[in-house]
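So the structure is just underneath, and the comments pick up after that.
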């Protein structure tokens with residue numbers, strides 16, 4: 001909710017990475033031939049970066065956006081996660097081996113599917129696996145792991161397999177520059193503005209009977225209000241909504257006053273970069 005612009009661009013990027021023939025068909029339909037530019041576009045590494053503060057919807061969108069593509073084209077899209085366990089226990093060569101094995105399995109499955117079942121690979125907290133190799137304190141094993149990650153993504157790109165890698169991070173600047181240069185697109189997720197918070201509050205408290213004025217007041221309460229930052233999506237849904245329901249249960253109905261009280265009692269989480 002409130003991410004329509006990102007979702008529209010993401011759907012196009014993902015669709016063309018997972019099914020490059022669609023771009024070729026578009027070129028033939030409108031230009032009579034496959035333009036030279038098409039090869040350049042389809043040869044991009046199948047990597048998209050989601051960057052932004054905690055609770056702004058990165059992981060949720062990464063896990064769910066492929067549903068629309070699957071329904072529109074009537075295909076199966078598999079969504080997989082690269083676990084942080086691939087960092088291993090620190091043994092020499094372990095991280096490289098685990099990441100390499102994960103990509104070997106992914107690539108074998110993509111080859112076997114022959115384009116019928118594209119794969120979305122989600123790497124959450126990507127800065128833990130793809131930290132910049134320029135960091136002076138970086139361990140040799142971590143550097144080797146980043147190299148293995150780059151090799152895996154490059155192999156997928158070289159074979160033009162129907163695989164899309166999405167990296168989610170709270171610290172985009174901590175990612176290795178080579179990773180960021182390879183990204184076909186990078187999306188920045190900000191905390192919701194007034195209009196987006198109004199949409200969220202209206203949706204989650206649907207049926208309560210809140211007036212437009214009451215929604216406006218709640219939107220104001222969840223804004224920056226001198227802090228420099230307002231509520232995140234997860235603050236609104238996981239904290240305000242949950243605490244309001246629990247405060248009302250079992251004897252009272254939900255009201256604007258009760259919701260406002262819970263907003264006051266549960267301030268927004270601090271931005272990731274400001275945490276101590």
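A few comments on the model shown:
- Ordered by the count of other Cβ atoms within 10 Å of each Cβ, fewest first, 266, 73 give 73, 266.
- Between 151, 160, 85, the Gaussian network model of the chain with springs among Cα atoms under 10 angstrom shows the greatest mean-square fluctuation at 85.
- Across the chain, the relative contact order, built from alpha-carbon pairs under 8 Å that are at least six residues apart, equals 25 percent.
- With one equal scatterer per alpha carbon and no solvent term, the Debye-computed log10 I(q)/I(0) for the chain at 0.12, 0.16 1/Å reads -0.85, -1.17.
- Sorting 248-257, 180-189, 161-170 by their mean Cβ neighbour count within 10 Å, with the most densely packed peptide first, gives 161-170, 180-189, 248-257.
- Using a simple spin-label model with pseudo-atoms 7 Å out from Cα toward Cβ, residue 174 and residue 202 lie 3.7 nm apart.
- Of 63, 141, 264, the one that fluctuates the most in a GNM where the chain has Cα springs shorter than 10 Å: 264
- Whether segment 140-189 is rounded, prolate or oblate, judged on the alpha carbon gyration tensor where a/c under 1.5 counts as rounded: oblate
- Globularity index of segment 1-135 is 1.21 (Cα radius of gyration / 2.2 N^0.38 Å, N = number of residues).
- Computed from label points 7 Å out along Cα-Cβ, the spacing between residue 25 and residue 83 is 3.8 nm.
- Spatial separation of Cα centroids for segment 145-175 and segment 4-60, in angstrom: 16
- Here is how the number arises for the chain: DSSP H runs of 4 or more residues each give -39500 (n - 2.57), the sum is divided by the residue count, and the result at 222 nm is -14500 deg cm²/dmol.
- Using alpha-carbon coordinates, inclination of helix 21-31 to the longest axis of the chain, degrees: 90
- Taking the C-alpha atoms only, the angle from helix 4-18 to the longest principal axis of the chain is near 20 degrees.
- In this label model, residue 33 and residue 255 are separated by 7.3 nm, measuring between points 7 Å along each Cα→Cβ vector.
- Between 0 and 90 degrees, the angle of helix 194-204 with respect to the longest Cα principal axis of the chain falls at about 80 degrees.
- Net lengthening on full extension, residue 125/residue 72 (0.36 nm per residue, minus Cα-Cα): 16.1 nm
Values quoted throughout were computed directly from the atomic coordinates according to the rules given, and no laboratory measurement underlies them. No experiment lies behind these values; they were computed from the predicted model shown. FYI the Cβ positions are ideal-geometry reconstructions off the backbone, even for glycines, and counts take in every protein chain you see.
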